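Trainee: If you scroll down you'll find the structure; I have some questions about it.
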Amino acid sequence: MAEEKKEAKIVGFLCNWCSYGGADTAGVSRFKQPTDLRIIRVPCSGRVDPLFVVKALESGADGVLVSGCHPRDCHYSEGNFYARRRLEVLKRFLPFMGIDPNRFEYTWVSASEGQRWQQVVTKFTEQIHNLGPAPKREEKSDR
Amino acid sequence: MVMSMSWFIPENEFDIFVKNLSKKRRLFVPVKENSIVRFVEFKDGIKPYFEKQATSSAKNTIFPQTETLFRFEYKKDPKDLKKFSVEISETIEAPETVVLGTRPCDARGFLVFDKVFLNPKHPDIYYQNRREKSLFITMTCTDPEPTCFCKAVGSSPADSLGSDILITKVKDGFFVETITEKGEKLLNELNLKDGDAYSKEAEKVKDEANEKLESPFDTKGLSADILKLFNTNFWEKELAHCLSCGVCTYLCPTCYCFNITDETSDSEGERIRTWDACMFFHFTLEGSGHNPRPTKAERFRNRVGHKFSYFPDRYDGMIACCGCGRCIKSCPASVDIRKVIIDLKEAANESA
Amino acid sequence: MTDREEKISELIKNELNNVDFFIAYGRGYDPIHVKPLFVYEEKDLDDLVMNIFCVHNNASYLKTVKDKKVGIVVKGCDSRAVVQLIQEGLINRDNLRIIGIPCTGVISIKKLKEKMDISRVTEAKVESDSVIIKTSDEEKRFEKDDLLADKCLWCQYPTPVIYDHLVGETIEPSRPKELEYKIVEEMEKEDLNVRFEYWNKELSRCIRCYACRNVCPMCVCQDQCVMESRNPHWISLKSNITEKVMIQLIHAIHLAGRCVSCGECERVCPMDIPIFKIKQKMNQIVEELFDYKAGIDLEATPPLYTFQVEEAKIKEREW
Amino acid sequence: MRIGVFICHCGSNIAGTVDVKKVAEEAKRFPHVVYSTDYMYTCSEPGQLEIQEAIKKEKLDGVVVASCSPRMHENTFRRTVEKAGLNRYMFEMANIREHVSWVGVDKEANTKKAIDLVRMAVAKVTLNQPLFPKSFKVNKNVLVIGGGVAGMQAALDCADGGLKVILVEKNPSIGGKMAKLDKTFPTIDCSICILGPKMVDVGQHENIKLYTYSEIEEISGYVGNYEVKIRKKATYVDWTKCTGCGLCMEKCPSKKAFDPFNEGIAPTTAINIPFPQAIPKKAKIDPNYCRQFIKGKCGVCAKICPVQAIDYEMQDEIVTEKVGAIIVATGYSLFDHTKIKEYGAGKYLDVITSIQYERLLNASGPTSGHILRPSDNKEPKTIVFVACVGSRDKSLGVPYCSNFCCMYIAKQAILTKDHIPDSQSYVFYMDIRAPGKGYEEFVRRAQEEYGVKYIRGRVSRIFKRGDKMVVRGSDTLLGTQVELEADLVVLATGAIAEEGARELAEKLRISYDPYGFYIESHPKLRPVETNTAGVFLAGACQGPKDIPASVGQGSAAASKVLSLFSKDLLESDPQIAHVNEMLCVDCKKCIQTCPYGAIEEKKTPMGKIVASVIETVCQGCGLCTATCPPGAIQLQQFTDNQLLAEVKAFFHA
């Protein structure tokens, strides 16, 4: 990147078996990526309570990414099926509360898809940079 | 107490009065938002609402729902990481504050707070600081509501106890009288018209207001009755429809219970004090997991007992209820504390 | 007592032997305030009422009396909560006696409050499509539809979906279903930042009394709710805006696919925060994605506790 | 707490693009960190020693290593800290290599990111709890699914090791694909002659219980304690009586039944024993062809059977077996060449598959080992072999190499010359893949000694001209079009996943790749393990492989089972869900969603009904934790508080 850009606060929840491995694969293959994302390892995308996404956003995240095994490839056979429903509901729900749905994405990356992981990170980071910093909630002074 | 002095504000000058009040101080006024009224900090553009009793009490003005007691930071010795010190910074926030538009019941609520927080042996400095810098301008309740029962607990719609200034609406404007020195000092600053001419009319208004209200129950012997029923199933049946939420306690002008928790992040943190409610399970949950008040029956018993028995027994007979009726009006399950007390007395009588 | 009240009273009298107590409706402190009435013995029935002010969802109490045999008087909307609770295995049908009341709508006290001073109501009655409210100094007549709770305006279940006794005739749904998500759609006309600020403003009034949660028939965690818990420590006890927002998000997410649209959360809010909108948005999403409405089918599974290998309406995210 | 932080340089792998000194310095400021340092290779022996010394000297009760991926070295370091007396779960890793130094360009940004990741790991380890594995008894029976050469080898090795083996084969006889082969490369051994004795060993081994013509219905349980439901398909012949005399086959009037063993090149009888060496050598009726089933009358076999073994009323039977481990050796299937229009889509009788050709070559095959082409039973003189039919072809969805085709083509070409000395074989190939021992020499022999003509190029079309098959293709070495007139065309169809492989994987809860081949735990270092404890892979179900590789894997899987069963008690992974009974409200959501059925209800001594985790069944996915509304059920090592601490640590910065 030529111009100096402030990093966005992006947090990613990645399942251990596929996406975390995919991110490892991307590393092993030296697929360059933006540096904004911080990865939190979870066993399965099914472990990701939508509240983690909400909590991260409320804590000041500019973007939250969840990535798991492709549907039907879950290490625990079913976890990502539940995740898919819960996260889709969340994604549709956020804008009602005034939160830009583009600040949250969920996707599937397998352990072998290093290149795909690179694309996901690059695209999501770009998307968040385009959105700019997330709006802060202002405290009303009338407690 | 000082000799009462009086002033008068014509109806059309009241807005200016409000604005002037806010000039040097933080001013709280009741404001209508959606269908409710609550006390918020006055800013330009805010329209105070004095017509009805506010939905929530004014206790947030000097007893905020959340306050930081102090901040702390762990500091490590860079030479020996095992050595560290905790740096504490106090955070007493007590700006000069005026609260305009309280009702006698609201003002009286703070007397209950005072008993607890201004206990001479160990005063609560946070409360004390704010209390000393706050001033309450109360409005006589010319139109008490059917849910009001301040008379039953020893007050009245024109009670000035706890207020610094009392305002009574008269035909052409507002009759203003000082109750405390603090109040007088403030009013002296404001250049108001003399109010003597209206004092008679104001007295009449007050008398009328007082007459409008009846006392639904007698508190005599109530404390003993509560203790008598302590271990009966009266509470469970009487409060079966209670939802165990915090509406009553959080709207109540006299409920002062709080919780203290630490919130840390990295090496820094703050100790915060937040409102708590005896209607909550967590209120008396012990570290062991045992809870002496496991169900809402015990919790409600505590609420009634505290207000009408334990508190008065401890503090010279002062009832920890100001009869504002907010808990009745806002209760989602229509729990009526007056009825609870009436039923309670009846039950105590029967069991005698 | 009206005929209907007589009938309910009679049914309860007959059922009292079969249950520990009955939850019906009783007189409150004035004619427009009704309270949930717990009937332990016949004399408790003296207070029984059944009228247009019976707003409460009595099913709210079922979660707290799981181990008891309970009788309950429910309206159509309330009955959905009963179905949902049974469906999720949270209560046992065998422990329940249900009196169903076909209902044409209940009054929103908040709407009434917007139209008049309700502090001294002396009498309230319904005459065909009008509601007449008398106070010590006036008498007002309103169109019933102008006062009905929002949920009544799109009600599709005027007759309870589950009951042992039905008091009165079955009522066919006649309200337009299209209105169901109107409050949601109106909100969605606004820009994201307007919505963001809207909720900041509305939710800033929250006093964390948890009435919305405690009244919610589907909030079965109650005392153990994460809104108050320190382990897990999702939120602090602070009364700042982020925690207040979190509280509503927690409620909405935990209710996704389970909310029966009874609207009690909003009704009980002492700060008049329009939180039913949030629930309705969630309900709309669930209906769109899974063709599912909670509290209708005893055999169904809440959609977020199950899955389809191939989801019909969720596009795989391929980027 | 007293946490130690170790930042690894990984030579220049990390230190090249991350300021490791700065990271170590920053870490000193994090709460609970009492020791922080950097090291050239933390995973090296001196590196590990340094951690152990620090644990002892600084009395550390938590350790964070920032280095490579935990998928790489988490276990290494867990052992390291354990050896120094720390509980192995009081350890966390920050991945600053794969996720930072190798993917980020800007050193400053990388360093910042590394600091954040270390801060998050420190925040998490602060909340780690010492965990202790529980031990449980092991059922030392092993289930082998698939009776091909890999499964047989695995079964025999286990049985010889003293384990009771349940061998389930879906066909009526064990033997698999190898039993159909004529000879094996590169030694030209008679396939059935070397396999037959093994089959007999399996059939007679006192430790092996054989279920042929049976399939897996359902599998429940966990390592050490699986329960398997097996469907014994109806054979309509009582095998406890059948002696395999073959009388029924002689008399059966329905002689047009499809013969799967001979790959359909010749019919068989409706009641049949699949091949002479079959184990068990028992007859079964194919109801699709049996007159008794089709027309409702016949009954010849029932009349003729000397032991009255025929039972037309027989039904499928479900039997249950309990085992402690499972070896999956379900093999492979062959690509269906009829999908390729250019090659005639199966409509030319003289375009056959290589496995059919094996049967033509085989002395006990339908032609008694004479190569006769199917259309007119004439001996073909010009034979064209086409390689990579359904292999290495993206357009057909099979981009991978089938591994063994190059070799069997060479073998078949050689055998062709042996059978018909005046014949000429041609091979159309893409590349010759002959990396095994003696393989390259074998292909050379085919070319040089047997005069097989290899043409490098793909076949674009096969069509009929008179009684010849015309094979049109390109010769990419000469850069010309080639057209050959052949008497017989043999398509070397590639290996694909066995039919039903995916369904079986679901039952076993193991993963499979996009082609349906099962995925091993690690492609290099754990080639026969799966990610489900107690389930192992052998043979071509994991990917196309030849006989020696399959046999080797069969033995490997058996050795894994034997070592697993060398202990009487197994340890369960303690990183599982745990219920806080005080918080549990018995809402049943976890029970409903658990993919393993690992949660049940129980009554506490206080009489409260709460959820309870069956520790050995729980696999630690955490779905329950995400589902539980009050947060009562928490996945150890990944609790809500731990993940929240990570989130908070990131946003604090």
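Just so you know, all these numbers are worked out from the coordinates, no wet-lab data involved. Note that the coordinates shown come from a computational prediction; the quantities given were computed from them, not determined experimentally. Because the Cβ atoms are built from the backbone with ideal geometry, glycine has one as well, and the counts that use them run over all protein chains shown.
Trainee: Give the aspartates and glutamates reachable from residue B:296 as a straight Cα distance under 13 Å; neighbours fewer than 8 places away on the same chain don't count.
Mentor: Of all the aspartates and glutamates, those that pass the test against residue B:296 - Cα under 13 Å, at least 8 places apart if same chain - are B:236, B:238, C:223.
Trainee: I've got another one for you. Once amide H atoms are placed 1.01 Å from N in the peptide plane, what residues at a sequence separation of 5 or more from residue D:217, or on another chain, have their amide H within under 5 Å of its amide H?
Mentor: D:229, D:230, D:231
Trainee: Out of residues 5 or more away from residue D:455 or on other chains, whose amide H comes under 5 Å of its own, with H placed 1.01 Å from N in the peptide plane?
Mentor: D:427, D:428, D:429
Trainee: Quickly rank D:573-585, B:11-23, B:45-57, C:76-88 as a protection proxy: mean count of other C-beta atoms within 10 Å, highest first.
Mentor: Sorting D:573-585, B:11-23, B:45-57, C:76-88 by mean packing, highest first, produces C:76-88, D:573-585, B:45-57, B:11-23.
Trainee: Hey, which of these cross-link pairs are over 32 Å Cα-Cα: D:347/D:453; D:589/D:648; B:345/C:279; B:75/B:133; B:151/C:66?
Mentor: Listed pairs above 32 Å: B:345/C:279; B:75/B:133; B:151/C:66.
Trainee: Rank by packing, highest mean first: peptides C:139-147, D:173-181, B:319-327, with packing defined as the count of other Cβ atoms within 10 Å averaged across residues.
Mentor: Per-residue Cβ counts within 10 Å, averaged per peptide and sorted highest first, yield B:319-327, D:173-181, C:139-147.
Trainee: Another question about this same structure. From the Cα gyration tensor of region D:333-496, with a ≥ b ≥ c the square roots of its eigenvalues, which class applies: rounded if a/c is under 1.5, or else prolate if a/b is larger than b/c, or else oblate?
Mentor: It is rounded, given that a/c, with a ≥ b ≥ c, falls under 1.5.
Trainee: What is the distance in Å between the Cα centroid of region D:214-256 and that of region C:1-18?
Mentor: 66
Trainee: For residue D:343, what charge total do you get from the other residues with a beta carbon under 14 Å from its beta carbon, if Lys and Arg give +1 and Asp and Glu give -1?
Mentor: +3
Trainee: Name the shape class, rounded, prolate or oblate, that the alpha-carbon gyration tensor gives for region A:6-88, where a ≥ b ≥ c are the square roots of its eigenvalues, rounded holds for a/c under 1.5, and otherwise prolate holds if a/b is larger than b/c and oblate otherwise.
Mentor: oblate
Trainee: Can you give the relative contact order of region A:10-131 as a percent, counting alpha carbon pairs under 8 Å and 6+ residues apart?
Mentor: That works out to 39 percent.
Trainee: Still on this structure: Just how many pairs of Lys in region D:234-315 have C-alpha atoms closer than 20 Å, counting pairs that are eight or more places apart or on different chains?
Mentor: Lysine pairs, 8 or more places apart or on different chains, close enough: 26.
Trainee: OK, next. Can you return the lysines within cross-link range of residue C:125? Criterion is Cα-Cα under 18 Å, with same-chain partners fewer than 8 residues away left out.
Mentor: C:35, C:110, C:111, C:113, C:115, C:134, C:140, C:144
Trainee: Same structure, new question: Applying the Karplus parametrisation 6.51 cos²θ - 1.76 cosθ + 1.60 with θ = phi - 60° to the phi angles of region D:486-495, what ³J(HN,Hα) value in whole Hz is obtained for each residue in order, glycine and proline being reported as x?
Mentor: Working through the residues one at a time gives 10, 7, 8, 10, 10, 8, 7, 6, x, 8 Hz.
Trainee: For chain D, what are the DSSP H helices with axial Cα length of 27 Å or more and mean Kyte-Doolittle hydropathy of at least -1.0?
Mentor: TM-like helix candidates: D:107-126.
Trainee: In whole Hz and in residue order, list the ³J(HN,Hα) couplings for region B:307-312 that follow from phi through the Karplus curve 6.51 cos²θ - 1.76 cosθ + 1.60, θ = phi - 60°; x for Gly and Pro.
Mentor: 5, 10, 10, 5, 5, x
Trainee: Can you pull the mean other chain C-beta count within 10 Å for peptide B:242-252?
Mentor: Taking all residues of B:242-252 together, the mean is 6.
Trainee: Also, I was wondering about something else. Under the rule of at least 5 residues apart or a separate chain, name every residue whose amide H is placed under 5 Å from the amide H of residue C:21.
Mentor: Long-range HN contacts for residue C:21: C:71.
Trainee: Describe numerically, in nm with one decimal, the distance between label points set 7 Å from Cα along Cα→Cβ at residue C:309 and at residue C:114.
Mentor: Once both label points are built, they end up 5.1 nm from each other.
Trainee: If the viscosity is 1.567 mPa s and the temperature 4 °C, what translational diffusion coefficient in µm²/s does Stokes-Einstein give for region D:317-360 when Rh comes from Kirkwood over Cα pairs?
Mentor: The estimated diffusion coefficient comes to 91 µm²/s.
Trainee: Oh, and also: Please express the Cα-Cα pair-distance distribution P(r) of the protein assembly as shown as a list of whole percents, one per 20 Å bin, running from 0 to the bin with the greatest distance.
Mentor: The distribution over the protein assembly as shown is 8, 28, 29, 20, 10, 4, 0, given as percents.
Trainee: In what sequence do B:314, D:465 fall when counting other Cβ within 10 Å, fewest first?
Mentor: D:465, B:314
Trainee: Which lysines have a Cα less than 18 Å from the Cα of residue B:200, not counting those fewer than 8 places away in the same chain?
Mentor: B:169, B:171
Trainee: Let me ask something else. Taking R0 as 56 Å, what's the FRET efficiency between residue D:251 and residue D:431 from their Cβ-Cβ distance, rounded to 0.05?
Mentor: That pair, residue D:251 with residue D:431, gives E of 0.60.
Trainee: Something else: What Kirkwood radius, in Å to one decimal, follows from the Cα pairs of chain D?
Mentor: Radius from the Kirkwood sum: 28.8 Å.
Trainee: Test of understanding: ordering B:267, B:160, D:550 by Cβ neighbours within 10 Å, fewest first, what list do you get?
Mentor: Going from sparsest to densest Cβ surroundings: B:267, B:160, D:550.
Trainee: Give the Rg (one decimal place) followed by the Dmax (whole number) of region B:181-260, computed from C-alpha coordinates and expressed in Å.
Mentor: 21.9, 60
Trainee: To the nearest 20 debye, what is the magnitude of the charge dipole of region D:3-125 about its Cα centre, counting +1 on the Cβ of each Lys and Arg and -1 on the Cβ of each Asp and Glu?
Mentor: 220
Trainee: Taking only the alpha-carbon positions of region D:275-405 and ignoring solvent, what does the Debye formula give for the base-10 log of I(q)/I(0) at q = 0.12 Å⁻¹?
Mentor: -0.86
Trainee: Assign one of three labels to region D:234-315, namely rounded, prolate or oblate, based on the Cα gyration tensor with a ≥ b ≥ c the square roots of its eigenvalues; rounded applies when a/c is under 1.5, prolate when it is not and a/b is larger than b/c, and oblate otherwise.
Mentor: Cα axes put region D:234-315 in the oblate bin.
Trainee: Enumerate the calculated ³J(HN,Hα) couplings along region B:327-332 in order (Karplus 6.51 cos²θ - 1.76 cosθ + 1.60, θ = phi - 60°), each rounded to whole Hz, writing x wherever the residue is Gly or Pro.
Mentor: Result, rounded to whole Hz: 5, 6, 5, 9, 4, x.
Trainee: Hey, got the Cα dimensions of region B:6-350 along the principal axes, in Å, largest first?
Mentor: That gives 73, 66, 40 Å along the principal axes, largest extent first.
Trainee: Oh, and also: Which whole number in µm²/s is D for region D:133-187 by Stokes-Einstein, with the Kirkwood Rh taken over Cα pairs at 20 °C and 1.002 mPa s?
Mentor: Approximately 166 µm²/s, per Stokes-Einstein.
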